[in-house]
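*Asks:* Can you keep this structure in mind? I'll have questions shortly.
The values are calculated or read from the model by the stated rules, or taken from the named source; none is laboratory data. Just so we're clear, the structure is a prediction, and the values are computed from it rather than from any experiment. Cβ atoms come from the backbone with ideal geometry, glycine included; neighbour counts cover every protein chain shown. Ligands, DNA and RNA are stripped out before the accessible areas are found, and what is left, the full protein with its side chains, is counted by its heavy atoms. Shrake-Rupley method; radii C 1.70, N 1.55, O 1.52, S 1.80 Å.
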Amino acid sequence: MNENPADLAPELCVLIAAVLGLAGGLFLPRRRQWQVAVVCAAGLVAGLAAAGVAATRADLMAFDAFAVDPVTHVTRITVLGSTLAVVALARGQVRDHPRETEHYVLILLSALGTVVLGATSDLLVLVAAYLLASIPAYALAGFGKDAPGTEAALKYYLMGALLGVLMLAGVTLLSGIGRGTAYPVLRVGLADAPQAAVAAGVVALLAGLLFKAGAVPGHFWVPDVAEGAPPAIAAYVTTVPKIGAFAALYRFGAETLPDAWPALLAVVAAATMTLGNLAAFGQDNVRRLLAYSTVSQAGYLLVPVAMAGRTDLAQPAVLYYVAAYAVTNLGAFAVVVATGRDDLAEYAGLLRGSPLVGLSLVVCLLGFIGTPPTAVFVGKVLMFGAALDGHYAWLAVVAAVNTAASVFYYLRWIVPLFRRPSVPSPPARGASAVAVTAALCSLALGIGSGIALS
Amino acid sequence: MLALVIFLPLAVACALPAVPGRAVAWTWIGAAVLDLALVAAMWVGHGTGGGVSFETNVRWIPSVRAGYHVGVDGLSLPLLALTAVLFAACAVYSLRRTHRVRAFAILFLFLETVCLGLFAALDLLLFFVFFDLSIVGMYFVILLWGHGDRSRSALKFFLYTFLGSLVLLLGFIGLYLGADPNTFDMVELTRTPPLHGGLGGLTLLAIGIGLGIKTPVVPFHTWLPPAHTDAPAAGSAILAGVMLKMGTYGFVRIAMPMLPDAWRRYALVMLIVGLVSVLYGALVALAQDNVKRLVAYTSVNHMGYILLALGAAGYASGDAGARRLAVTGAVTQMVSHGLVTGALFLLCGVLDDRAGTYDLGRFGGIAHNAPVLAWLIGIAAFASLGLPGLSGFIAEFQIFAGTIGTGTAATAVTGALAVLGILITAALFLRVLHRAVLGPPGELTARVSEVRRPELAALVPLLALSLLIGVVPRVLLDTIEPLSAAVVALVGR
């Protein structure tokens, strides 16, 4: 058994940064807590560097439960990169806040849980990672201690606790009938087990993972948290935990191959994208609109997850789409943070007032639609390819119709940008930089997708 | 060379924010004319031979075997030239524009790159990238510079054509998955057509719907009239002149050579859809009082001829020479329709600029106040209805001769019925001339002043080219004919 801790270097970097930040924050005066942000950012950058180095090495399995393979590499890099952006966004929001240190540390711990969620190939570690990813996020959702924040945190927590318990029940059932918790063991064990019991276990396990992914039926928290939590945290919970959840879903599907997996996930995917789109149509609050858009994007992401093990296109599709989605979603939320405006109508004239931020928003919103040459376009092509190659043509058609329908509400946000300015207010500089970087990354990932895919 | 042609407008667009305000319009014109000169040089370089020249193939997404693969042949060259001509005409026409000139110029230069790139693309994914971007660009043109109920029309345009593009993408992925080894490369897909039997039919259905919406053919044409009515004149000219060709170009470039089996099997469907578009488009145009809607519906009619000819080319049992003639006619029709309808939409823009309306009933006797404008309208109308001596005649004559000459019962009957379309078009254009140009003065006629110099400079080359093709068609046909022979051979496999 391989027990080399160096294989977990990126995770250790994040953990060390969180511990150092927490300990250091205890001794720092309130005005100088920004140093914790620097420590945390340094930990994330070190983690990214370590993950980049690890990505060039051969695949391996650490501690019999932690797979280091392409799925893990992409999860690590996307999660750590997105978290870095979130720390930058949060910096402007919680400056000189009494709990500034805790804010950063909670973000880092949740991100750590997310990476483990995506990398593990053992059901018990999966449960632990689920808890580590969720619990700090509950606290973060209510960080503002205001009424919407409290409501968001409560909803988030209750949904998470309920579906988490269901997931635990599923893990118990699966490990009982599959005679183990590691995926390779389960693959053999579940093949001989009674199909009804396997199906029940998989459904219960999905409850928790779909909650993290923000997919139907675990999506009810998404709009409330996106609207009620502080904007930077809204960006975090709608982006980062999903990355880990999709990686975990894909890994479970591809490595244990349950019989009912494609059909079950295909139905969930179709329901998720359709419900997300229908609910997004009437939203006037941009954060709720983005929240429902993330739900529909989760639906598209579930398409290649459903095709896990059925086609060679499934893995690149999941990984590429999830990275593209993270970049695009962060860019859109960064614009919300930068402008501080929540109402659609308030975005009138943004392109004139601050062309760069406005242009970034246009790129990100068109990116969500899947317009070339943005990153999501390549993700969508791979997704359609995976669905057709996996003989789920109806799912590809549903996804295509949904994509066309989603154009409507993204355009509802783009159109006011061109109107005459209402109140000129310069956007926050740090968040604007994040938005512009995200938009550029989206274009670069789209045009340079050949390099990124290989 | 080809990369320069494609990306020159985009490069100028990127530099345009740094250009001082007064020079913007002239920079735009300069870029468009330079690009036109480059395309002309490329045409001379290609000559009249078959095959692909100026080919570039760079790896883009190797894991799905998609590349930046571009090149020109007898099909793409006429359309590249048409694109460059129309964009240059629009640049000249917009010389006097004052409302957000810089953004307008940037958007049009961007659209020019997109359209040129599409007609040069030899990779399905690259083709799709440009196809989709053209929708986004045109959406903003209608939304920002349109008039009337523009945001509604723009949204309808975007939603409708975007859905079409996604269906098209599904078809492309079908081709990709059907090929062995999987590839998006058009040249390889043409060499060994993938997919036979039922799957081929389904893929053709997806590609046909995707391209049919863009073309547009009945019953997918409903986005076209509102989009044209509310778009600015230059936008309409590009939308009708260049972007509708993307659909018909796709049929010749992708659907026919890559799915020959399915194309032959469903040739009758194409014939019927073409015939319905011809007759329905002409009849609805006849009933219009809004002159811009009228021109928009004649586009449906003209695109119908193209589909009719391409359907006839799918009858493998028919006479090969006639089928080649039909394809040549279809490509000629693309060029001719681009020039003539572009001119007609710019003329509608002139009327709107003077009188603020497109209502036919409120004009009359324009020939009296504005003889040059009246001549231009007259020539454009006759070119559109297919008068001998102008490009429309060359195109439509070849289409009918080819379709009917193919010699099977279906092509003969549909071809003969489609001739009725010409009759109706002739009636409707004569009606326009009677009501607006001749006769007693209408209530708004006093406001219609003579064409201004930039308008004249934009319109005359378009109509002169139409006349040139009408009088000495060999210039164009020599380039197209090797291509149509190749396409007919590919479909006959």
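*Asks:* Would you call A:Met167 open to solvent by 10 Å² or more (accessible area, probe 1.4 Å) and not β-branched (Val, Ile, Thr)?
*Replies:* It is false that A:Met167 is open to solvent by 10 Å² or more (accessible area, probe 1.4 Å) and not β-branched (Val, Ile, Thr).
*Asks:* Going by what's in this entry, would A:Leu395 be described as more than 10 Å from every other protein chain (Cβ to nearest Cβ), open to solvent by 40 Å² or more (accessible area, probe 1.4 Å), of a type in the set (A, V, I, L, M, F, W, C) and not in a loop (DSSP other than H, G, I, E, B)?
*Replies:* No; evaluated as a whole, the condition is false for this residue.
*Asks:* Here is a further query. Looking at (1) open to solvent by less than 10 Å² (accessible area, probe 1.4 Å); (2) over 16 Å from the mean Cα position of the chain (by Cα); (3) more than 14 Å from chain A (Cβ to nearest Cβ); (4) farther than 29 Å from B:Ala18 by Cβ, can you tell me which one B:Met42 breaks?
*Replies:* (4)
Condition check ((1) outside any helix (DSSP H, G or I); (2) of a type in the set (A, V, I, L, M, F, W, C); (3) closer than 28 Å to B:Pro473 by Cα) across all residues:
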position	(1), (2), (3)
B:Thr222	yes, no, no
B:Pro225	no, no, no
B:Gly250	no, no, yes
B:Met256	no, yes, yes
B:Val269	no, yes, no
B:Val273	no, yes, no
B:Tyr280	no, no, no
B:Val300	no, yes, yes
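*Asks:* Which ones in region A:27-73 are open to solvent by 50 Å² or more (accessible area, probe 1.4 Å) and touching a Ser or Thr at 6+ places or on another chain (Cβ under 8 Å)?
*Replies:* A:Met61
*Asks:* Moving on. Could you pull out the residue among B:Gly117, B:Gly164 that is within 13 Å of chain A (Cβ to nearest Cβ), part of a helix (DSSP H, G or I), surrounded by 24 or more Cβ atoms within 10 Å (Cβ to Cβ) and touching a Gly at 6+ places or on another chain (Cβ under 7 Å)?
*Replies:* Selected residue: B:Gly164, the only one of B:Gly117, B:Gly164 that is within 13 Å of chain A (Cβ to nearest Cβ), part of a helix (DSSP H, G or I), surrounded by 24 or more Cβ atoms within 10 Å (Cβ to Cβ) and touching a Gly at 6+ places or on another chain (Cβ under 7 Å).
*Asks:* Here is a check on your reading of the model: is B:Leu189 surrounded by fewer than 22 Cβ atoms within 10 Å (Cβ to Cβ) and either free of Cβ contacts under 8 Å to residues at least 24 places away in the same chain or not β-branched (Val, Ile, Thr) (or both)?
*Replies:* no
*Asks:* Go through B:Leu463, B:Leu433, B:Leu459 for me and flag whichever is among the hydrophobic types (A, V, I, L, M, F, W, C), in a helix (DSSP H, G or I), at pLDDT 85 or above and surrounded by fewer than 19 Cβ atoms within 10 Å (Cβ to Cβ).
*Replies:* B:Leu433
*Asks:* I've got another one for you. Could you please let me know if B:Leu111 is over 14 Å from B:Met258 (Cβ atoms), surrounded by 24 or more Cβ atoms within 10 Å (Cβ to Cβ) and away from chain A (no Cβ under 12 Å)?
*Replies:* Taking the combined requirement at face value, the residue satisfies it.
*Asks:* I need the full set of residues from region B:58-83 which are modelled with pLDDT of 90 or more and either within 14 Å of chain A (Cβ to nearest Cβ) or farther than 20 Å from B:Gly250 by Cβ (or both), in order please.
*Replies:* B:Tyr68, B:His69
*Asks:* Just one of (1) over 21 Å from the mean Cα position of the chain (by Cα); (2) open to solvent by 10 Å² or more (accessible area, probe 1.4 Å); (3) of a type in the set (Ser, Thr, Tyr) trips up A:Tyr157, so point out which.
*Replies:* (1)
*Asks:* Moving on. Working carefully through the options B:Ala32, B:Ala15, find the one that is open to solvent by 40 Å² or more (accessible area, probe 1.4 Å), within 25 Å of B:Ala458 (Cβ to Cβ) and assigned to a helix (DSSP H, G or I).
*Replies:* One residue alone meets the criteria, B:Ala15.
*Asks:* Also: Select, from A:Val198, A:Val185, the only residue that is open to solvent by 10 Å² or more (accessible area, probe 1.4 Å) and either in a loop (DSSP other than H, G, I, E, B) or more than 25 Å from A:Ala85 (Cα to Cα) (or both).
*Replies:* Residue meeting the stated conditions: A:Val185.
*Asks:* Still on this structure: Could you check region B:282-298 and list, in sequence order, the residues that are open to solvent by 10 Å² or more (accessible area, probe 1.4 Å) and in a helix (DSSP H, G or I)?
*Replies:* Result: B:Leu283, B:Val284, B:Leu286, B:Val291, B:Arg293, B:Tyr297.
*Asks:* B:His196 - would you say it is away from chain A (no Cβ under 13 Å), in contact (Cβ under 8 Å) with a residue 12 or more places away in the chain and assigned to a loop (DSSP other than H, G, I, E, B)?
*Replies:* Yes, satisfied.
*Asks:* To continue, here is another question. Conditions first: (1) within 12 Å of chain A (Cβ to nearest Cβ); (2) open to solvent by 20 Å² or more (accessible area, probe 1.4 Å); (3) polar (S, T, N, Q). B:Thr98 passes all but one, so which condition is the exception?
*Replies:* Every listed condition holds for B:Thr98 apart from (1).
Matching residues to (1) under 22 Å from the mean Cα position of the chain (by Cα); (2) open to solvent by 10 Å² or more (accessible area, probe 1.4 Å):
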{"position": "A:Val337", "(1), (2)": "yes, yes"}
{"position": "A:Ala345", "(1), (2)": "no, yes"}
{"position": "A:Leu361", "(1), (2)": "yes, no"}
{"position": "A:Leu365", "(1), (2)": "yes, no"}
{"position": "A:Phe368", "(1), (2)": "yes, no"}
{"position": "A:Val378", "(1), (2)": "yes, no"}
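*Asks:* Right, something else. Which residue pairs have Cβ atoms under 8 Å apart, sit 6 or more places apart or on different chains, and have a first residue in region A:363-383 that is more than 7 Å from chain B (Cβ to nearest Cβ) and a second that is in a loop (DSSP other than H, G, I, E, B) and among the polar types (S, T, N, Q)?
*Replies:* Hits for this filter: A:Val363/A:Thr374; A:Gly367/A:Thr374; A:Phe377/A:Thr371.
*Asks:* Collect the residues in region B:330-380 that are outside any helix (DSSP H, G or I) and closer than 20 Å to B:Ala234 by Cβ, keeping them in residue-number order.
*Replies:* Within region B:330-380, B:Gly356, B:Thr357, B:Tyr358 meet the criteria.
*Asks:* If a residue has to be within 14 Å of chain B (Cβ to nearest Cβ) and surrounded by fewer than 24 Cβ atoms within 10 Å (Cβ to Cβ) to count, how many in region A:300-315 make the cut?
*Replies:* Within region A:300-315, residues that are within 14 Å of chain B (Cβ to nearest Cβ) and surrounded by fewer than 24 Cβ atoms within 10 Å (Cβ to Cβ) number 4.
*Asks:* Right, something else. Looking at B:Met246, B:Met270, can you tell me which residue is open to solvent by 10 Å² or more (accessible area, probe 1.4 Å), of a type in the set (A, V, I, L, M) and modelled with pLDDT of 90 or more?
*Replies:* The conditions single out B:Met270.
*Asks:* Being touching a residue at least 60 places away in the same chain (Cβ under 8 Å) and buried (at least 24 other Cβ atoms within 10 Å of the Cβ) narrows it down to one of A:Leu123, A:Leu109, so name that one.
*Replies:* Going through A:Leu123, A:Leu109 in turn, just one is touching a residue at least 60 places away in the same chain (Cβ under 8 Å) and buried (at least 24 other Cβ atoms within 10 Å of the Cβ): A:Leu123.
*Asks:* Separate question: Could you tell me whether A:Arg412 is within 11 Å of chain B (Cβ to nearest Cβ), open to solvent by 10 Å² or more (accessible area, probe 1.4 Å) and not in a helix (DSSP H, G or I)?
*Replies:* So A:Arg412 fails the test.
*Asks:* Restricting the search to region A:74-104, which residues are over 19 Å from A:Arg429 (Cα atoms), part of a helix (DSSP H, G or I), open to solvent by 10 Å² or more (accessible area, probe 1.4 Å) and not hydroxyl-bearing (Ser, Thr, Tyr)?
*Replies:* Matches in region A:74-104: A:Val74, A:Ile77, A:Gly81, A:Glu102.
*Asks:* Within the group B:Ile424, B:Ile379, B:Ile394, which residue is closer than 28 Å to B:Asp353 by Cβ and at pLDDT below 95?
*Replies:* Just one listed residue meets the conditions, B:Ile379.
*Asks:* Could you pull out the residue among B:Asp132, B:Asp123 that is within 8 Å of another protein chain (Cβ to nearest Cβ) and open to solvent by less than 10 Å² (accessible area, probe 1.4 Å)?
*Replies:* B:Asp132 is the lone residue from the list that is within 8 Å of another protein chain (Cβ to nearest Cβ) and open to solvent by less than 10 Å² (accessible area, probe 1.4 Å).
*Asks:* Further question: Any chance you could count how many residues in region B:323-349 are over 22 Å from B:Leu465 (Cβ atoms) and open to solvent by less than 10 Å² (accessible area, probe 1.4 Å)?
*Replies:* Going through region B:323-349 one residue at a time, the tally reaches 1.
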